[in-house]
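The values are calculated or read from the model by the stated rules, or taken from the named source; none is laboratory data. Given the structure is predicted, the values throughout are model-derived calculations rather than measurements. Positions of Cβ are backbone-derived with ideal geometry, glycine not excepted, and every protein chain shown enters the neighbour counts. The accessibility values were calculated without ligands, DNA or RNA, using every heavy atom of the protein model including side chains. Shrake-Rupley method; radii C 1.70, N 1.55, O 1.52, S 1.80 Å.
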Amino acid sequence: MANNTIPTGYLRKVHHIAFNVADMAASRRFYGHILGLHELTGEEVPATLIELVNTGKVANFVTPDGTIIDLFGEPELSPPDSDPSKSFTRAYHLAFDIDPELFDQALTVIQENNLVIAHGPVSRPTGRGVYFYDPDGFMIEIRCDPH
């Protein structure tokens, strides 16, 4: 990877968008009934989120192109904060998918550019990921499926 960049085409798609929401019922109605997005239920829910979905803390919707919208219930959602580590906005992070073979190269690019890493890299049953901040403090994730 020359010039400390992730080459064009390496990031394959937006994997998911995560939003913090103050009123889960209102947000589920908005995304599911008003916008007509399909809510993942039963066996469609990723194994790592079943407990959170079953307790009403998370809801997952899918767009027609396959992008997942994750809603995280934050009943005490506060106004924006200048400290990005405090999830200062209702949009939590933007996640890009990358080929598992290229994940470590992307991690090197993040480190070589001295980007602030918020979490990770992490390994989960759903794959690997690293969370870091863009110049405005918005969290970005690069993730990959498990090998």
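Pairs needed: first member in the stretch 42-64, more than 20 Å from V122 (Cβ to Cβ) and free of Cβ contacts under 8 Å to residues at least 60 places away in the same chain; second member anywhere, open to solvent by 60 Å² or more (accessible area, probe 1.4 Å) and of a type in the set (D, E, K, R); C-beta distance under 6 Å; at least 6 residues apart or different chains.
Correct list of pairs: A59/R28.
Residue by residue, here is whether (1) part of a loop (DSSP other than H, G, I, E, B); (2) modelled with pLDDT of 90 or more holds:
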| position | (1), (2) |
| --- | --- |
| N3 | no, no |
| P7 | yes, yes |
| H16 | no, yes |
| F19 | no, no |
| A25 | no, yes |
| R28 | no, yes |
| H33 | no, no |
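Results for (1) touching a helix residue (DSSP H, G or I) at 6+ places or on another chain (Cβ under 9 Å); (2) surrounded by fewer than 11 Cβ atoms within 10 Å (Cβ to Cβ); (3) closer than 30 Å to E101 by Cα, shown as yes or no for each residue.
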{"site": "I6", "(1), (2), (3)": "yes, no, yes"}
{"site": "H16", "(1), (2), (3)": "no, no, yes"}
{"site": "L35", "(1), (2), (3)": "no, no, no"}
{"site": "L49", "(1), (2), (3)": "no, no, yes"}
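If you take the residues of the stretch 97-147 that are in a strand (DSSP E or B) and among the aromatic types (F, W, Y), which of them is most open to solvent (accessible area, probe 1.4 Å)?
Step one: list which residues in the stretch 97-147 are in a strand (DSSP E or B), which gives 97-98, 117-124, 127-133, 139-144.
Now drop any that are not among the aromatic types (F, W, Y), which leaves 131-133.
Numbers: Y131: 21, F132: 20, Y133: 36 Å².
Here the residue is Y133.
Criterion first (closer than 20 Å to L49 by Cβ and either touching a helix residue (DSSP H, G or I) at 6+ places or on another chain (Cβ under 6 Å) or small (G, A, S) (or both)) does G137 satisfy it? Give the steps one after another, and end with the answer.
Values: closer than 20 Å to L49 by Cβ: no; either touching a helix residue (DSSP H, G or I) at 6+ places or on another chain (Cβ under 6 Å) or small (G, A, S) (or both): yes.
When the stated conditions are applied, G137 does not pass them.
I'm checking my understanding of the structure. Among residues of the stretch 37-47 that are part of a loop (DSSP other than H, G, I, E, B) and surrounded by 11 or more Cβ atoms within 10 Å (Cβ to Cβ), which one is farthest from the chain's Cα centre (by Cα)?
Step by step, filter the stretch 37-47, then rank; the result is L37.
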